[in-house]
1. Of everything in region A:107-130, what is in contact (Cβ under 8 Å) with a residue 24 or more places away in the chain and surrounded by 21 or more Cβ atoms within 10 Å (Cβ to Cβ)? Give them in sequence order.
2. Going residue by residue through region A:192-210, is there one that turns out to be within 10 Å of chain B (Cβ to nearest Cβ) and either part of a helix (DSSP H, G or I) or β-branched (Val, Ile, Thr) (or both)?
3. Could you please find all residues in region B:18-59 being at the interface with chain A (Cβ under 9 Å from one of its Cβ atoms) and either touching a Gly at 6+ places or on another chain (Cβ under 8 Å) or not in a helix (DSSP H, G or I) (or both)?
4. From the set of residues in region A:155-174 that are modelled with pLDDT of 90 or more and either surrounded by fewer than 20 Cβ atoms within 10 Å (Cβ to Cβ) or of a type in the set (Val, Ile, Thr) (or both), which is farthest from the chain's Cα centre (by Cα)?
5. Out of all the residues in region A:164-185, is one or more in contact with a His (Cβ under 7 Å, 6 or more places away or on another chain), within 14 Å of chain B (Cβ to nearest Cβ), part of a helix (DSSP H, G or I) and touching a residue at least 60 places away in the same chain (Cβ under 8 Å)?
6. So how many residues does region B:60-93 have that are within 8 Å of another protein chain (Cβ to nearest Cβ) and either buried (at least 17 other Cβ atoms within 10 Å of the Cβ) or more than 19 Å from A:CYS55 (Cα to Cα) (or both)?
7. Of all the residues that make up region A:138-151, how many are surrounded by fewer than 16 Cβ atoms within 10 Å (Cβ to Cβ), within 15 Å of A:GLU76 (Cβ to Cβ) and away from every other protein chain (no Cβ under 14 Å)?
Amino acid sequence: MASDITESGAAVAASPQGFQSLTDDWAADKQTFQVPWGKAMMWIFLLSDTFIFSCFLTSYMNVRISTQVPWPNPSEVFALSFGGDPIPLILIAIMTFVLITSSGTMALAVNYGYRQDRAKTAALMFITAAFGATFVGMQAFEWTKLIVDEGIRPWGNPLGAAQFGSTFFMITGFHGAHVSIGVIYLAVVALKVLKGDYEASGNYEIVEITGLYWHFVDLVWVFIFAFFYLW
Amino acid sequence: MAAEGHQEHPLSIYLWIWVLLFVLSTLSYLVDYVGFEGYLRWSLILIFMFAKAGFIIAIFMHMAWERIALIYAILGPPVVLLVLIGLMAVEGDYVTMTRLDFFGETDFVAEPHVVEEAH
């Protein structure tokens with residue numbers, strides 16, 4: 001990590017704020033983004049990922065508008081019974097809370113990273129990864145229930161519109177893949193933090209970059225939860 | 001303001017946003033649990049969704065403390081998605097009308113092991 005690239009802070013501090021800073025940053029013959037390159041690239045990757053998920057959700061909207069067959073009621077499809085009456089959407093609600101909890105521990109990990117508290121940073125990142133793995137496990141349970149018990153397939157299902165299955169597996173599958181990759185990413189960085197790879201430079205920027213990815217996964221879930229499960 | 005690229009803020013702000021996200025998630029779950037319908041349901045879902053997304057981006061992802069050049073570069077482009085969404089909504093309506101004209105109402109009956117529609 002060439003930390004000298006990021007040390008242009010002195011010049012930035014004197015530059016104007018607000019809209020003037022936008023034109024200054026883009027117009028002058030210098031670096032546009034006053035952040036470490038890794039962070040800028042992660043943001044740009046997340047921007048491209050935003051478009052991918054938006055395309056999925058938009059096509060889901062399109063097929064849900066145009067299908068002639070009634071759309072299965074997600075509230076009932078994703079209900080679970082713990083001995084008594086089925087509770088609507090309960091598994092999805094728990095998954096949402098698990099992911100938000102993991103987002104909170106990630107935010108704390110970033111904070112402790114900047115305090116150079118190696119042990120706490122690594123521990124919080126491992127906790128975040130554990131919550132992420134829990135989420136994927138619950139999703140596997142959900143998929144199993146839908147495929148085996150309810151007979152839902154990407155090309156059709158007994159409950160209603162065939163597009164329900166195709167969009168469900170496509171969108172939640174792609175999101176689940178992101179969570180799984182995030183768990184691996186978190187574990188790798190947490191191990192490096194624990195080993196003390198960033199002790200010498202004291203630069204824990206990587207934790208924030210990993211955090212950006214993880215918060216984005218949570219962010220996508222907010223939209224999937226609203227549009228697919230609640231709508 | 002924090003030094004550039006060094007996003008260190010008090011712990012309390014994260015804890016408060018964390019609690020707030022839990023509350024907003026509970027509220028959006030309750031929209032379904034209570035069983036609101038129609039425009040009330042859709043507007044509540046969207047309000048809670050955008051509030052949650054906003055807090056995650058602004059605080060957890062530190063966008064509130066970034067410079068405006070980065071904020072515009074990241075949050076600006078997704079605005080064009082509104083065009084795509086608008087076009088696809090119109091197209092979806094058109095396909096619905098066409099299908100009604102040519103195929104009529106569906107004879108789909110929800111029951112196990114039904115053979116799916118040909119189209």
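1. Once the filter is applied, which keeps residues that are in contact (Cβ under 8 Å) with a residue 24 or more places away in the chain and surrounded by 21 or more Cβ atoms within 10 Å (Cβ to Cβ), region A:107-130 yields A:ALA107, A:ALA109, A:VAL110, A:GLY113, A:THR121, A:ALA122, A:MET125, A:THR128, A:ALA129.
2. yes
3. B:TRP18, B:LEU21, B:GLY35
4. Ranking the qualifying residues of region A:155-174, first place goes to A:SER166.
5. So far as region A:164-185 goes, no, none of its residues is in contact with a His (Cβ under 7 Å, 6 or more places away or on another chain), within 14 Å of chain B (Cβ to nearest Cβ), part of a helix (DSSP H, G or I) and touching a residue at least 60 places away in the same chain (Cβ under 8 Å).
6. Result for region B:60-93: 13.
7. Total meeting the criteria: 1.
Rundown of residues vs (1) over 11 Å from the mean Cα position of the chain (by Cα); (2) closer than 21 Å to B:TYR14 by Cβ; (3) surrounded by 21 or more Cβ atoms within 10 Å (Cβ to Cβ), yes/no style:
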site: A:ALA187; (1), (2), (3): yes, no, no
site: A:LYS192; (1), (2), (3): yes, no, no
site: A:ALA200; (1), (2), (3): yes, no, no
site: A:VAL207; (1), (2), (3): yes, yes, yes
site: A:THR210; (1), (2), (3): no, yes, yes
site: A:ASP218; (1), (2), (3): no, yes, yes
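The values are calculated or read from the model by the stated rules, or taken from the named source; none is laboratory data. From a predicted model like this one, the values you see are computed outputs, not experimental measurements. Don't worry about glycine lacking a Cβ; one is built from the backbone with ideal geometry, like all the others, and counts go over all protein chains shown.
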